[in-house]
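The structure under discussion appears below in the form of structure tokens.
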Amino acid sequence: MTIKVGDKIPSATLMQMKDGGPKPVSTDDLFAGKKVVVFALPGAFTPTCSAKHLPGFISHAEEIRNKGVDAIACISVNDAFVMGAWGDQQKAGDKVMMLADGNGDLTRALGLEMDGSRFGMGQRSQRYSMVVDNGVVKELNVEDPGAFSVSSAEHVMKQL
């Protein structure tokens, strides 16, 4: 079952590169008492993700935060090392948290997985964005396969 507006984000552990190594990030801690914009994508270093999706959130990070958002999180079914390297390459800095859902546990729990086996990618995340307020989904934007519009930074900014 896919998560929907009004649902609570399930408990899961993501990983983030910090101080030279992967560190756990609990979804309970990430969302507790905060307004967080989350966006997820099929894979780090992939064409649309690298050319449009992540760069949009990096370039609009200040505007998004000025709308009362405490954090912006990028989630992908990659490992923390890949997410850290991609964040460095894209100059995400402290603008966007680069979070790895390496085993796809959160992605599965959200019901937002996709089978990328045809492309040699295995199980991945669908492309989506959401606004989460104190652990509850307030906005959810899931892209149609191959599309990129409702999960963009520009679309999310209109929802804030």
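Every number here is computed from the coordinates shown, using simple stated rules; none is lab data. All values derive from a computational prediction rather than experimental measurement. No Cβ is skipped: glycine too gets one built from the backbone with ideal geometry, and neighbour counts run over all protein chains shown.
Observations on the model:
- Looking at region 16-104 alone, DSSP beta bridges between its own residues are antiparallel in about 25 percent of cases.
- In this label model, K4 and D94 are separated by 4.0 nm, measuring between points 7 Å along each Cα→Cβ vector.
- Each Cα pair under 8 Å and six or more residues apart adds its sequence gap; the mean of these over the residue count of the chain is a relative contact order of 31 percent.
- Taken one residue at a time, the phi angles of region 36-51 give Karplus couplings (6.51, -1.76, 1.60, θ = phi - 60°) of 10, 8, 10, 9, 10, 8, x, x, 4, 6, 7, x, 5, 4, 7, 8 Hz. Gly and Pro are set to x.
- Binning all Cα-Cα separations of the chain at 5 Å, short to long from zero, yields these whole-percent fractions: 2, 10, 20, 25, 23, 15, 4, 1, 0.
- Extension gain, K158 back to D115 (0.36 nm per residue minus Cα-Cα distance, nm): 12.5 nm
- Modelled label positions at D70 and K52, each set 7 Å beyond Cα in the direction of Cβ, lie 3.2 nm from each other.
- The chain: most fluctuating residue of S76, S50, S129 per GNM, C-alpha cutoff 10 Å: S50
- Coupling constants for region 143-160 follow from the phi torsions by the Karplus curve (6.51 cos²θ - 1.76 cosθ + 1.60, θ = phi - 60°), and in residue order they are 6, 5, x, x, 8, 8, 8, 6, 9, 6, 4, 4, 5, 4, 4, 5, 8, 7 Hz; glycine and proline get x.
- Multiplying the residue separation of F81 and A32 by 0.36 nm and subtracting their alpha-carbon distance yields 15.1 nm.
- Using C-alpha pairs below 8 Å separated by at least 6 residues, the relative contact order for region 1-89 is 33 percent.
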